[in-house]
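Notes follow the structure.
The values are calculated or read from the model by the stated rules, or taken from the named source; none is laboratory data. The shown structure was predicted, so the numbers you read here are calculated from the model rather than taken from an experiment. Cβ placement follows ideal geometry from the backbone for every residue including glycine, while neighbour counts extend to all protein chains displayed. Note: areas computed on protein heavy atoms with side chains; ligands, DNA, RNA excluded. Shrake-Rupley method; radii C 1.70, N 1.55, O 1.52, S 1.80 Å.
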Amino acid sequence: MIAIIDYDAGNIKSVEKAMTLLGQEAIITRDKNIIMSADHVILPGVGNFKDAMGKLEHYELVPIIEDVCKKGTPFLGICLGLQLMFENSEEAPNVKGLSLLKGSIVKIPEGEYKKIPHMGWNNLTLKGDGRLFNGIESDPYVYFVHSFYLKAEDEKIVKATTEYNVTIHASVEKDNIFACQYHPEKSSDAGLKMLKNFIEIK
């Protein structure tokens, strides 16, 4: 069973739909017992870093997420979900993130031809050993919607990057923790394959 964490953020239903397409039982929930008993847990989201952390704290989800990760359950953050997993964000300078991984979320710099937010399809440069990318052809195109991006402290956890005015750490992996800045659930067959790879991780 896949638990999709419900903290009133956008884009949760599209993740549920993708799981259904993959033949998986997916439950949108904030119930501790369901989340802790899940085989895999997903933290999706679109929105504001401060508001999202406030919701996670309001629903008392922060310690549950920490326990899931300590337990070793495969855990995937998507878009805002990725950003919340790190220590801080320029979007909300005084708000502490979940700090599951070390790094900061920073504003994408303006570019002469590329507007902010970054919205649309970009190809990924794969780093070779990311488990989400098993069986994925090199340079897959995936769908992004974001104005802030990850700078991971440890580049060894970065499994895919993309270029948009700057090099963006687009996907990371450490032990049982995974995250994507892009939306695999909106990234056609390649994205569904990445989600399938995730749910096959034990």
Check your understanding: Can Tyr59 be described as open to solvent by 10 Å² or more (accessible area, probe 1.4 Å), of a type in the set (Ser, Thr, Tyr) and at pLDDT below 95?
Key -> no
For the stretch 1-11, indicate whether the set of residues that are modelled with pLDDT of 95 or more and in a helix (DSSP H, G or I) is non-empty. no
Checked pairs for the stretch 146-159, first over 11 Å from Leu101 (Cα atoms), second of a type in the set (Asp, Glu) and modelled with pLDDT under 95, C-beta under 8 Å and 6 or more apart or across chains, list as Lys159/Asp129
Of Cys69, Cys79, the only residue that is within 18 Å of the chain's Cα centre (by Cα), within 20 Å of Ser188 (Cβ to Cβ) and of a type outside the set (Ser, Thr, Tyr) is Cys79
Pairs returned, first residue in the stretch 38-56 that is on the phi > 0 side of the Ramachandran plot, second residue that is surrounded by fewer than 17 Cβ atoms within 10 Å (Cβ to Cβ), beta-carbon separation under 8 angstrom, 6 or more apart or interchain, are Gly45/Gly10; Gly47/Gly10
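Run down Gly191, Gly135, Gly97, Gly103 and say which single residue is closer than 26 Å to Gln24 by Cβ and touching an Asp or Glu at 6+ places or on another chain (Cβ under 7 Å).
Values: Gly135 fails: touching an Asp or Glu at 6+ places or on another chain (Cβ under 7 Å); Gly97 fails: closer than 26 Å to Gln24 by Cβ; Gly103 fails: closer than 26 Å to Gln24 by Cβ.
Just one listed residue meets the conditions, Gly191.
Does Asp175 satisfy being touching a Leu at 6+ places or on another chain (Cβ under 8 Å) and on the phi > 0 side of the Ramachandran plot? Steps first, answer last, please.
Working: touching a Leu at 6+ places or on another chain (Cβ under 8 Å): no; on the phi > 0 side of the Ramachandran plot: yes.
Judged against the criteria, Asp175 is not a match.
Give me the residue from the stretch 73-96 that is among the polar types (S, T, N, Q) and either modelled with pLDDT of 95 or more or buried (at least 18 other Cβ atoms within 10 Å of the Cβ) (or both) and, out of that set, nearest to His40 (Cα to Cα). Before the answer, list the steps.
Step one: list which residues in the stretch 73-96 are among the polar types (S, T, N, Q), which gives 73, 83, 88-89, 94.
Applying the additional criterion that residues be either modelled with pLDDT of 95 or more or buried (at least 18 other Cβ atoms within 10 Å of the Cβ) (or both) yields 73, 83, 88-89.
Numbers: Thr73: 6, Gln83: 19, Asn88: 25, Ser89: 26 Å.
Applying the filter and picking the extreme gives Thr73.
Restricting to the stretch 14-26, name every residue that is touching a strand residue (DSSP E or B) at 6+ places or on another chain (Cβ under 8 Å), surrounded by fewer than 16 Cβ atoms within 10 Å (Cβ to Cβ) and not hydroxyl-bearing (Ser, Thr, Tyr). Break it down into steps so the answer makes sense when it comes.
Filtering the stretch 14-26 for residues touching a strand residue (DSSP E or B) at 6+ places or on another chain (Cβ under 8 Å) gives 14-16, 19-20, 24-26.
Filter once more, keeping what is surrounded by fewer than 16 Cβ atoms within 10 Å (Cβ to Cβ): 14, 20, 25.
Once the filter is applied, which keeps residues that are touching a strand residue (DSSP E or B) at 6+ places or on another chain (Cβ under 8 Å), surrounded by fewer than 16 Cβ atoms within 10 Å (Cβ to Cβ) and not hydroxyl-bearing (Ser, Thr, Tyr), the stretch 14-26 yields only Glu25.
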